[in-house]
Amino acid sequence: MQTFIQDLRYALRMLKNKPGFSTVAVLTMALGIGANTAIFSVVNGVLLRPLPYAKPGKLVRIYTEFPTMGLKKFWMSPPEFLDIKNEANSWESVGAWTTGGGNLTTSGEPIRVNTATVTSSLIDTLGVQPALGRNFTSEEDLRGGPRMALISDGLWRRAFGGENDIVGRQIQVDSQPVTIIGVMPGSYVFPPGSNSPSELFTTFQYDPANPGGRGNHFLNIIGRLKPDVSVEQAQAEIVALAEGWRSQGRSPHLLGERHPVVMLPLHNDIVASAKPAVLMLLGAVGFVLLIACVNVANLLLARAEARRREFAVRLALGAQAARLMRQFMTEGLILVFLGATAGVVLARVGLRAVLTLAPDSVPRTADIGIDMTVLVFTIGISVISVLVFALAPIMQMRQRDLATVLRGTGQRTSGGSSSHALRKSLVVAEIALAVVPVIGSGLMIRAFWKLNQVGLGFEPRGVLSFSLQVSPSAYQAADRLRFSNELEDKLRAQPGVKSAALVSGLAPLRPINANDTDIEDYQATPDGPAENVDYWNFVSESYFDTMGIRTMEGRVFERGDRNEAAQKVVVINQAMARRFWQGSPIGRRVSPGGFAQQNQQPTWFTVIGVVEDTKNIGVDKPAGTELYFLQPQLAAFGIASRMNFVVRTDGDPQALAAGIRTAVRDLDPAVPVYAVRTMGDLVADSMVRPRFLSVLLATFSAIALLLAAVGIYGVMAYSVAQRTQEIGVRVAMGATTGNVLSMVIRQGLTLTVVGLGAGLFGAVLLTRLMSGLLFEVSATDPATFIGVAGLLTGVGLLACFVPARRAARVDPMVALRYE
């Protein structure tokens with residue numbers, strides 16, 4: 001212990017005497033360790049940390065799929081849920097839910113809350129118990145049962161001040177009385193992995209004898225497997241049951257071979273979409289850490305070279321090589337400790353930036369943080385870093401010829417030559433390592449640029465959107481129509497408003513409806529498209545003008561189409577026209593299947609126009625088929641209580657927000673306005689994941705380039721110092737400034753080109769792993785590879801320039817007297 005303390009004191013004294021070296025080494029390690037710690041925090045929170053439920057490994061998501069429509073991981077219908085619950089033997093329990101929103105009225109202003117309608121079995125399936133109160137009972141599941149609610153810990157504190165007497169209190173949800181029976185734990189997040197979790201839970205209250213149609217898919221389902229049942233066994237049982245249901249005619253179109261039921265482990269299902277991106281970021285910062293280690297190894301190697309006579313004298317006087325190695329390792333340990341400490345500070349700052357940029361599509365962001373697992377990881381990579389970057393100097397010290405060093409009066413000893421060769425090799429490795437993240441960043445930036453060039457099919461500039469929901473019990477269909485009409489009139493009367501419209505589904509990021517639709521004189525074939533439309537949209541007649549959607553054929557809705565005697569009409573998009581009709585679709589007829597109709601005869605709507613395709617499911621996805629219905633013509637079928645509005649102005653859209661809230665309050669003070677966003681923001685949100693990856697990769701690439709440039713500069717500066725006498729002789733013999741500049745730069749560019757060649761070869765192999773994250777860009781895109789090669793060559797030139805100028809200014813008389 002006493003020896004270690006002596007080594008520690010000596011190491012601190014040596015580092016203190018070289019503040020420039022120590023600062024550069026610590027900052028270099030801080031960048032590498034800090035970036036890795038921040039991204040590992042994301043990996044740990046998203047991919048590694050268990051879900052906050054009892055025995056989460058036994059939880060499985062259950063989906064149905066529609067291969068002929070290209071629909072995977074789709075919702076299930078209530079009859080399908082009951083079939084699985086009652087007939088499958090693989091489950092301890094099965095629960096279902098659907099999410100939405102509701103207007104919560106307490107003593108103050110109504111507030112909008114995220115809601116989940118669940119079966120009473122769901123929370124038991126997850127293995128979570130309320131922190132206060134109780135869970136739902138099976139009787140509260142049934143139609144006609146008492147209306148009860150569970151609330152989240154966050155809502156309990158936000159809306160009710162965390163009052164302990166909350167259980168048993170009656171509240172109003174969408175103007176309906178509901179009794180609170182419990183408060184969920186603070187760690188409870190539902191739906192699993194959601195970044196916008198539900199805050200209020202109520203039960204379906206369905207009729208088991210009449211649960212609804214098998215074509216009505218809207219349920220999410222989770223099952224808990226029995227302890228001795230695997231996912232594969234449960235899947236095999238579901239396949240067999242589905243075949244039985246199909247053969248019995250219970251669900252001939254929804255289950256079985258054409259529409260299978262599939263299941264996935266819950267954790268895998270949650271993180272599947274984010275996993276490739278998160279692992280790619282971890283790989284990128286891994287390259288940054290390796291570059292940092294190589295850089296510090298180069299620094300220590302240069303420091304060891306400067307101290308070679310000291311080491312030689314101490315060894316000649318009888319010092320043990322192991323003791324010298326331990327001292328060098330102690331210095332490295334101190335540098336890594338300081339670097340790791342600074343790295344954790346940088347990681348905290350960087351993690352806040354990452355979470356700010358992180359899209360909602362990255363699940364479990366609430367679980368991301370620097371915890372004990374992350375700190376253990378940081379300690380681990382720090383210890384490995386000591387071994388990596390201290391190994392080379394130690395090996396050089398052990399191989400050194402003591403007699404040569406002790407006799408040497410100049411700098412050009414055999415040990416110095418071998419050390420310089422190693423340092424060159426390390427710089428080549430640095431450049432090769434830097435190429436991969438820089439090319440990855442270039443590919444993501446190029447893909448993001450292409451994504452921004454995609455036509456949306458509408459003009460988002462100058463448009464503000466917002467949502468609201470009227471009480472389903474207080475507003476019947478005619479009342480909802482009247483409310484929306486009056487609100488549109490009030491919005492159009494606002495100063496600066498050019499137009500306003502109602503729309504049921506907001507582009508550019510909304511889920512597929514996949515609605516059954518009858519198309520007159522169309523016969524579906526096994527190889528052709530099914531009679532199914534991706535999107536139904538219910539709009540007012542000014543919608544297309546407000547959104548700037550172009551009419552490609554025919555006409556769009558007019559005011560006269562609102563009349564009760566008017567013909568029922570629809571507008572379709574180009575994708576639907578291409579899919580179902582060879583020629584012009586104008587005058588053709590469609591009927592919305594699935595609407596509850598008093599008579600059994602279909603209600604036909606005539607196509608009057610074709611509009612440009614708009615992006616609905618994402619800017620990077622193809623436009624789906626879309627039917628636009630005029631909202632007033634659907635009053636007989638029912639009008640949704642949830643409404644979206646879009647408002648166009650020539651000025652700042654956000655300036656309309658206050659007037660919109662006033663207009664809604666004038667009509668009904670109990671209706672809160674929420675999700676007030678510009679269409680530009682909605683478009684930006686639809687591209688947040690590629691922007692997130694582009695920004696982070698660009699940041700890591702910049703760090704990698706900086707470290708590589710420092711490495712090249714260090715080697716070239718050391719080379720110039722070593723060759724001072726040689727350069728002086730060359731100048732004395734008539735070498736020009738240009739000759740000296742050319743010599744030094746050529747040496748640096750040789751290292752750059754060799755490293756660049758190795759890095760490009762590695763990038764060709766590794767960037768294929770990110771091909772699924774790129775939009776209309778090949779993983780081996782020539783433009784990106786050429787651009788990165790040029791960039792790194794330029795960085796190499798800049799890093800060589802200062803040492804080259806220093807060499808060109810060598811005074812031959814001073815250099816020749818140097819020895």
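The values are calculated or read from the model by the stated rules, or taken from the named source; none is laboratory data. It should be emphasised that the depicted structure is a prediction, and the values quoted were computed from it without experimental measurement. We place every Cβ from the backbone using ideal geometry, glycine too, and count neighbours over all the protein chains shown. When the accessible area is computed, the model is the full protein with side chains, heavy atoms only, and any ligands, DNA or RNA have been set aside. Shrake-Rupley method; radii C 1.70, N 1.55, O 1.52, S 1.80 Å.
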(request) Return yes when Gly127 is within 29 Å of the chain's Cα centre (by Cα) and open to solvent by 30 Å² or more (accessible area, probe 1.4 Å) and no when it is not. (result) yes
(message) Condition (residue is touching a Ser or Thr at 6+ places or on another chain (Cβ under 8 Å), within 24 Å of Pro276 (Cβ to Cβ) and among the polar types (S, T, N, Q)) applied to the range 785-802: is it met by at least one residue?
(response) no
(request) Could you figure out which of (1) among the small types (Gly, Ala, Ser); (2) touching a Ser or Thr at 6+ places or on another chain (Cβ under 9 Å); (3) modelled with pLDDT under 85 isn't true of Ala284? (result) (3)
(request) Give the residues of the range 409-433 that are open to solvent by 20 Å² or more (accessible area, probe 1.4 Å), modelled with pLDDT under 75 and either under 39 Å from the mean Cα position of the chain (by Cα) or not aliphatic (A, V, I, L, M) (or both), sorted by residue number. (result) Thr409, Gly410, Gln411, Arg412, Ser414, Ser417, Ser418, His420
(request) Grab the strands (runs of 3 or more DSSP E) fully contained in the range 22-126, keeping just those with 2 or more residues being out of contact with any Asp or Glu (no Cβ under 7 Å at 6 or more places or on another chain) and among the hydrophobic types (A, V, I, L, M, F, W, C). (result) 59-66, 91-105, 111-118
(message) Against the definition (surrounded by fewer than 20 Cβ atoms within 10 Å (Cβ to Cβ), out of contact with any Lys or Arg (no Cβ under 7 Å at 6 or more places or on another chain) and either part of a strand (DSSP E or B) or modelled with pLDDT of 90 or more (or both)), how does Val262 come out, yes or no?
(response) yes
(message) Looking for something modelled with pLDDT of 90 or more, of a type outside the set (Gly, Ala, Ser), assigned to a loop (DSSP other than H, G, I, E, B) and more than 13 Å from Val647 (Cβ to Cβ) - is there at least one such residue anywhere in the range 483-491?
(response) no
(message) Checking Gly659 against (1) touching a strand residue (DSSP E or B) at 6+ places or on another chain (Cβ under 8 Å); (2) closer than 30 Å to Pro672 by Cα; (3) modelled with pLDDT of 85 or more; (4) open to solvent by less than 30 Å² (accessible area, probe 1.4 Å), only one condition comes out false. Which one?
(response) (1)
(message) Here are the criteria: (1) modelled with pLDDT under 90; (2) out of contact with any Ser or Thr (no Cβ under 8 Å at 6 or more places or on another chain); (3) in a helix (DSSP H, G or I); (4) charged (D, E, K, R). Tell me which single one Asp527 does not satisfy.
(response) (3)
(request) Check Val619, Val695 and return the single one that is open to solvent by 40 Å² or more (accessible area, probe 1.4 Å), β-branched (Val, Ile, Thr) and within 30 Å of Ala38 (Cβ to Cβ). (result) Val695
(message) Would you confirm whether or not the range 340-358 contains a residue that is of a type in the set (Ser, Thr, Tyr), in a helix (DSSP H, G or I), modelled with pLDDT of 80 or more and surrounded by 14 or more Cβ atoms within 10 Å (Cβ to Cβ)?
(response) yes
